[in-house]
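Here's the structure, in structure tokens; my notes come after.
The values are calculated or read from the model by the stated rules, or taken from the named source; none is laboratory data. A quick note: this is a predicted structure, and the numbers were derived from the prediction, not measured. FYI the Cβ positions are ideal-geometry reconstructions off the backbone, even for glycines, and counts take in every protein chain you see. All accessible areas refer to the heavy atoms of the entire protein, side chains included, with ligands and DNA or RNA removed. Shrake-Rupley method; radii C 1.70, N 1.55, O 1.52, S 1.80 Å.
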Amino acid sequence: MKIVSLLASGTELVVALGLGESLVGRSHECDHPAWVKRLPAVSRPTFDVAGASADIDARVRERLRAGAPLYEIDEALLASLGPDAIVTQSHCEVCAVTPGDLAHATSPKLERRQVVALETGTIDGILAGFEAVAGVLGAADRGRALVAEIRARLAALAETTRPLPHPTVACLEWIDPLFAMGNWGPELVAIAGGTSAFGAAGAHSTTLPYQTLCAANPDIIVVAPCGFGLERTLAEMPTLAARSGWAELAAVRAGRVYVADGNLYFNRSGPLLFDTPEILAEILHPGVFPPAREGTVWRRWI
């Protein structure tokens, strides 16, 4: 079977299922494991993804208002790869290629391909999606085993954190404007032993007025912008820290503001997402969990 994955979490899933050798193409965002970057990229963004978060947000909103697609498919390249299955998603039109983007493809060869989409925003839904994709790819047993392993890890962590104090946590997935992390974010925080200050499990992430953040005054702030790695987030933190009243927030005064790799660990609904509760547990409960990923995946903002 030849597989093209049009989203990073799908690529991670295909590899986790032991089907990496079947991948023949990827999206422009697929970067884990690192070797997948050698595969041809069959998509590209239609807007400039460089610059500050405010600039990126403005470009995205402009294209959405115009009804213009955010991503383009190299139809000729995709057809030449001859995939038997294409993995995509239908949860967020901003994050990655959707079946709607594929609908612009006119080649009869593409119309016969099997398209499977990851489409949910809760932990249970993500894991059900893993099994569904595995079934389409002929790896149902491996899919069930992967999901069972993930559920066991989550249950063990939740059991450890349940008796611990649960601080209030604001997870932010964009800096300018602020976005509170929704979808699976509140569930991850709960498993890690915290109480999410914003967002509801399964609900889309939404803009967060800065005044609302100040009014909530959470114990801990974790900044993990969608698509941003650790260094890029660190570079943008002065924009947030310059806001009026920032220095008076409880999390800031306590030195409990953290930046994290949102690109790999917080915003993708792939297998790496299930490392994130362990990452958050290190941040929330340093006296219980050693900082194994500090400096590489997360860092305290000073």
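Please compute the per residue accessible area over the stretch 248-300 with all protein chains in place, 1.4 Å probe, rounded to a whole number of Å². Kindly include the intermediate steps, with their values, before the conclusion.
Working: 1870 Å² over 53 residues.
Per-residue accessible area for the stretch 248-300 comes out at 35 Å².
Toward the positive end of the charge dipole of the chain, about the Cα centre and with charges on Cβ (Lys, Arg +1; Asp, Glu -1), which of A134, P286, G270 goes farthest?
Projecting each Cα onto the dipole axis, the largest value belongs to P286.
In percent, how large is the relative contact order of the chain, given Cα pairs closer than 8 Å and 6 or more residues apart? List each step's numbers first, then the result.
Working: 553 pairs, mean separation 44.0, N = 302.
Relative contact order for the chain comes out at 15 percent.
Using Cα atoms only, what is the angle between the long axis of helix 230-241 and the major principal axis of the chain, expressed in degrees (0 to 90) to the nearest 10?
That helix lies at roughly 50 degrees to the long axis.
About the Cα centre of the stretch 145-302, what is the dipole size in debye to 20, counting +1 per Lys and Arg Cβ and -1 per Asp and Glu Cβ, all else neutral? Mind showing how you got there, number by number?
Details: 11 positive and 14 negative charges, 26 e Å.
In debye, rounded to 20, the stretch 145-302 gives about 120.
Could you tell me which of A50, L13, L23 has its Cα farthest along the dipole of the stretch 3-61 towards the positive end, charges placed at Cβ (Lys, Arg +1; Asp, Glu -1), taken about the Cα centre?
L23
First check a/c for the chain, with a ≥ b ≥ c the square roots of the eigenvalues of its C-alpha gyration tensor; if it is under 1.5, answer rounded, and if not, answer prolate when a/b is larger than b/c or oblate otherwise. Kindly include the intermediate steps, with their values, before the conclusion.
On the way: a/c = 2.23, a/b = 1.43, b/c = 1.55.
In terms of gyration-tensor shape, oblate.
Using unit Cβ charges (K, R positive; D, E negative) and no other charged atoms, how large, in debye to the nearest 20, is the dipole of the chain about its Cα centre?
Working: 25 positive and 33 negative charges, 24 e Å.
That gives the chain a dipole magnitude of about 120 debye.
Using the heavy atoms of the protein chains and a 1.4 angstrom probe, tell me the accessible area per residue for the stretch 1-46 in square angstrom. Let's see the in-between values first.
On the way: 1750 Å² over 46 residues.
Averaged over the residues of the stretch 1-46, the accessible area is 38 Å².
Please report the antiparallel percentage of the DSSP beta bridges confined to the stretch 168-282, to the nearest 5. Provide the component values of the computation, followed by the final result.
On the way: 4 of 13 bridges.
Around 30 percent of the beta bridges assigned by DSSP in the stretch 168-282 are antiparallel ones.
Of the listed peptides 230-236, 127-133, what is their order by residue-averaged count of other C-beta atoms within 10 Å, with the highest listed first?
Details: 230-236: 16.3, 127-133: 19.3.
Output ranking for 230-236, 127-133: 127-133, 230-236.
What shape does the stretch 124-279 take by its C-alpha gyration tensor, where a ≥ b ≥ c are the square roots of the eigenvalues and a/c under 1.5 counts as rounded, a/b above b/c as prolate, and the rest as oblate? Display every interim value, and only then the final one.
On the way: a/c = 2.42, a/b = 1.78, b/c = 1.36.
It is prolate, given that a/c is not under 1.5 and a/b is the larger ratio.
Any chance you could list the semi-axes, whole Å, largest first, of the equivalent ellipsoid that the Cα gyration tensor gives for the stretch 107-192, using √(5λ)? Walk me through the numbers on the way to the answer.
Details: eigenvalues 204, 92, 8 Å².
Whole-Å semi-axes of the equivalent ellipsoid: 32, 21, 6.
Hey, how many Å between the Cα centroid of the stretch 10-51 and the Cα centroid of the stretch 207-278?
Centre-to-centre (Cα) distance: 26 Å.
Please report, as a whole percent, how much of the solvent-accessible surface of the chain comes from carbon and sulfur atoms (probe radius 1.4 Å).
Details: 6880 of 12780 Å².
On the chain, the fraction of accessible area on carbon and sulfur atoms equals 54 percent.
Using the heavy atoms of the protein chains and a 1.4 angstrom probe, tell me the accessible area per residue for the stretch 122-230 in square angstrom.
That works out to 39 Å² for each residue.
So how do 253-259, 182-188 stack up, highest first, on mean other-Cβ count within 10 Å? Please list the in-between numbers first.
On the way: 253-259: 17.9, 182-188: 24.6.
So the peptides 253-259, 182-188, ranked by packing, come out 182-188, 253-259.
For E248, E72, write out the residues from largest to smallest accessible area, computed with a 1.4 angstrom probe and no ligands counted.
Numbers: E248 115, E72 75 Å².
From most accessible down to least: E248, E72.
What is the packing order of peptides 204-212, 171-179, taking the mean over residues of other C-beta atoms within 10 Å and listing the highest first? Please report the intermediate quantities before stating the final value.
Values: 204-212: 14.6, 171-179: 22.0.
Top of the packing list down: 171-179, 204-212.
Apply the a/c threshold of 1.5 to the C-alpha gyration tensor of the stretch 225-302 and tell me whether it is rounded, prolate or oblate. Numbers along the way, then the final one.
Values: a/c = 2.26, a/b = 1.31, b/c = 1.72.
It comes out oblate by the Cα gyration axes.
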